[in-house]
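Undergrad: So that we are looking at the same thing, I have put the structure below in structure tokens.
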Amino acid sequence: KHECQVLIVGGGSGGCALAAKLSSKLGKKKVTVVEPAEEHYYQPMFTLIGGGMKRLEQSYKPMAEVLPKNINWIKSSAVEFDPKNNSVKTAHGTNIKYDMLLLATGLQLNYDKIPGLIEALSIPNGKVCSNYSPKYVDRTYACLQNIQEGNAIFTFPASPVKCPGAPQKIVYIAEHYFRKLNKRDKIKITYNTSLPVIFGVKHYADALWKVVKKRNINVNLRRNLIEVRPRDDIAVFQDLDKPEQIFEEKYAMLHVTPPMSAPTVLAQCKELVNDTGFVDVDKTTLQHLKYKNVFAIGDCSASPNSKTAASAAAQSPVVYRNMIAAIKGKELKSSYDGYASCPLVTGYSSCILAEFDYDLKPLETFPIAQNKERYSMFFLKKALMPTLYWKLMMNGYWNGPALMRNALSLLKFGKK
Ligand code: FAD
Ligand code: UQ1
């Protein structure tokens with residue numbers, strides 16, 4: 001048995017940021033975090049690791065170092081939620097009673113949903129890779145190095161994903177890598193996406209179509225990976241608009257973005273989630289629609305924003321202020337505008353920094369045209385963001401770029 005004022009389930013990007021904010025306000029041992037992982041990964045670095053620009057060891061720190069010192073850390077997973085009785089049960093059998101609950105479990109990678117995929121990802125030095133898991137990300141750069149000719153195929157699944165730009169960032173990085181190694185003309189590059197668009201925000205989609213045309217990358221929309229046959233190096237795709245249309249494609253390398261979902265243990269608690277399995281919160285206050293002492297942050301929330309660490313950062317002051325208001329029995333005044341950001345890395349020295357809100361309208365920080373490939377945005381992504389994440393966000397000091405945007409907006413004279 002364990003009792004606490006605030007219980008946070010999940011110590012990833014959102015959970016850890018809020019643990020820092022809430023514990024420094026509420027005092028020693030008022031906040032408990034349930035988190036089973038030994039390591040805390042900075043996942044946005046996985047794209048660069050896949051491209052050989054960073055090493056896996058640079059992307060993580062021990063969870064014990066990242067979580068604030070003045071909390072209770074219960075090193076286990078939550079397995080049962082009972083919001084009527086304000087309690088959560090862990091895999092080790094601890095029953096935790098809380099006054100306030102913050103759900104921050106992230107989402108679940110479902111590699112097992114594609115027949116043959118796990119087998120393919122288990123073959124040593126194989127042709128199938130995936131930036132989405134620390135278990136598989138090192139395979140990506142090996143694939144880029146090993147392929148000499150043939151088809152390089154990249155996928156985007158038929159499910160919500162975290163960082164919706166990441167499945168295509170690695171396409172651009174690969175294309176650039178093949179050119180640098182003088183093998184580009186022997187490799188056909190194809191990006192098969194389940195989506196009906198290349199990117200959800202038209203302002204950036206227009207720019208990305210120019211990039212794929214210029215660089216001779218084939219893009220197939222509404223095309224979903226349904227099977228991998230590693231023995232024959234065949235990937236099987238389905239046309240989502242004409243399900244009877246099946247394509248069997250031979251690959252020399254295959255980069256898979258797996259289907260994702262809300263974590264099963266959360267989705268099983270029908271009281272907490274909507275019919276998609278994600279936590280049913282108000283999209284502006286981030287408070288649960290039924291249980292007023294429950295909030296959500298990050299990828300496990302059903303708020304209809306793109307799921308990125310940048311979104312969790314922008315949500316963090318809103319969740320913090322509204323949780324404190326709820327503790328005090330006051331009205332919730334802070335609201336989230338759906339801000340999400342996706343640094344669309346387009347090679348070894350360029351990036352389009354997409355930033356937008358709930359209405360899929362650009363909401364940009366810098367007083368320059370951001371729908372262009374730029375070195376400055378690449379530098380921000382590669383050199384500045386990791387420090388900002390570890391030093392500021394993980395200590396509760398990064399609230400997203402809204403402040404910076406407002407200050408810089410004074411300079412936006414020439415920009416539409
Ligand atoms: P996470 O950070 O994933 O943390 C969830 C935590 O909950 C984990 O520590 C997990 O162990 C724990 N947990 C899960 N289940 C339970 C349970 N039952 N009980 C207790 N704990 C549990 N975002 C950007 O902003 N910019 C980018 O450029 C970017 N690029 C990305 C590239 C890749 C390849 C990937 C994979 C992600 C990228 N992201 C990017 C997305 C970003 O990493 C996530 O959106 C962000 O980490 C979400 O934070 P979170 O706290 O919701 O979940
Ligand atoms: C951001 O806030 C964030 O979360 C910490 C990211 O994830 C690593 C990002 O990639 C980006 C781009 C932002 C937004 C920050 C600025 C300065 C525009």
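Undergrad: For the range 60-212, which whole percent of the accessible surface, found with a 1.4 angstrom probe, sits on carbon and sulfur atoms? Walk me through the intermediate numbers first.
TA: On the way: 3280 of 6390 Å².
Carbon with sulfur: 51 percent of the solvent-accessible area.
Undergrad: Could you work out the per residue convex hull volume over the alpha carbons of the chain, in cubic angstrom?
TA: For the chain, the hull spanned by Cα atoms encloses 140 Å³ per residue.
Undergrad: For the range 245-314, just the Cα atoms, rotate onto the principal axes and tell me the three extents in Å, largest first.
TA: Projected onto the principal axes, the Cα atoms of the range 245-314 cover 52, 27, 21 Å.
Undergrad: Using only the alpha-carbon atoms, how far is helix 166-180 inclined from the longest principal axis of the chain? Give it as 0 to 90 degrees, nearest 10.
TA: 40 degrees
Undergrad: Quick one: helix 202-214 against the long Cα principal axis of the chain, what's the angle to the nearest 10°, folded into 0 to 90?
TA: 30 degrees
Undergrad: Which entries in LYS25/LYS54; LYS28/LYS283; LYS127/LYS188; LYS135/LYS213 show an alpha-carbon gap greater than 26 Å? Please report the intermediate quantities before stating the final value.
TA: Details: LYS25/LYS54 36 Å; LYS28/LYS283 31 Å; LYS127/LYS188 15 Å; LYS135/LYS213 33 Å.
The pairs that break the limit, which is 26 Å between Cα atoms, are LYS25/LYS54; LYS28/LYS283; LYS135/LYS213.
Undergrad: Another one. How far, in degrees from 0 to 90, does helix 13-26 lean away from the longest principal axis of the Cα atoms of the chain, to the nearest 10?
TA: 20 degrees
Undergrad: Okay, moving on. Quick one: 3J(HN,Hα) in Hz for the range 147-158, Karplus 6.51/-1.76/1.60 with θ = phi - 60°, rounded, Gly and Pro as x.
TA: 5, 10, 7, x, 8, 9, 10, 10, 10, 9, x, 8
Undergrad: About the Cα centre of the chain, what is the dipole size in debye to 20, counting +1 per Lys and Arg Cβ and -1 per Asp and Glu Cβ, all else neutral? Spell out each step's value before the answer.
TA: On the way: 56 positive and 36 negative charges, 280 e Å.
I would put it at about 1340 debye.
Undergrad: If you split all Cα-Cα distances of the range 340-411 into 10 Å bins from zero, what percentages do you get per bin, shortest first?
TA: The percentages, shortest bin first, are 19, 48, 31, 1.
Undergrad: Taking the C-alpha atoms of the range 109-260, how large are the radius of gyration and the largest Cα-Cα span, Dmax, in Å?
TA: When restricted to Cα atoms, the range 109-260 yields Rg and Dmax of 14.3, 42 Å.
Undergrad: Still on this structure, please answer the following. Given the chain, what percent of its DSSP beta bridges are antiparallel, to the nearest 5?
TA: Rounded to the nearest five, the antiparallel share is 50 percent.
Undergrad: Right, another one. Once the cut-off is 20 Å, how many percent of the Cα-Cα pairs in the range 228-361 end up in the long-distance tail?
TA: Cα-Cα pairs in the range 228-361 separated by more than 20 Å: 61 percent.
Undergrad: Give, as a single signed number, the net charge of other residues whose beta carbon lies under 11 Å from the beta carbon of GLU149, with Lys and Arg counted +1 and Asp and Glu -1.
TA: Spelling it out: positives minus negatives among the neighbours equals +3.
Undergrad: Based solely on its DSSP helices, what 222 nm [θ] is calculated for the chain when runs of n ≥ 4 H residues each add -39,500 (n - 2.57) and the sum is averaged over all residues, nearest 500 deg cm²/dmol?
TA: Value at 222 nm, helices only: -7000 deg cm²/dmol.
Undergrad: Once amide H atoms are placed 1.01 Å from N in the peptide plane, what residues at a sequence separation of 5 or more from ILE8, or on another chain, have their amide H within under 5 Å of its amide H?
TA: THR32, VAL33, VAL34, LEU102
Undergrad: If you don't mind, there's one more thing I want to ask. Taking amide H positions as placed 1.01 Å from N in the peptide plane, with prolines and chain starts having none, which residues 5 or more places from ALA354, or on another chain, fall under 5 Å of its amide H?
TA: CYS342, LEU344
Undergrad: Quick one: what are the phi-derived ³J(HN,Hα) couplings along the range 105-117, Karplus 6.51/-1.76/1.60 with θ = phi - 60°, whole Hz, x for glycine and proline?
TA: Per residue, the Karplus-derived 3J(HN,Hα) values read 7, x, 10, 10, 8, 10, 4, 6, 6, 10, x, x, 5 Hz.
The values are calculated or read from the model by the stated rules, or taken from the named source; none is laboratory data. Predicted model, so just to flag it, every value in this text is computed and none were measured. Glycine gets a Cβ as well: all are built from the backbone with ideal geometry, and neighbour counts include every protein chain shown. Note: accessible area is taken over every heavy atom of the protein model, side chains too, but ligands, DNA and RNA are not part of it. Shrake-Rupley method; radii C 1.70, N 1.55, O 1.52, S 1.80 Å.
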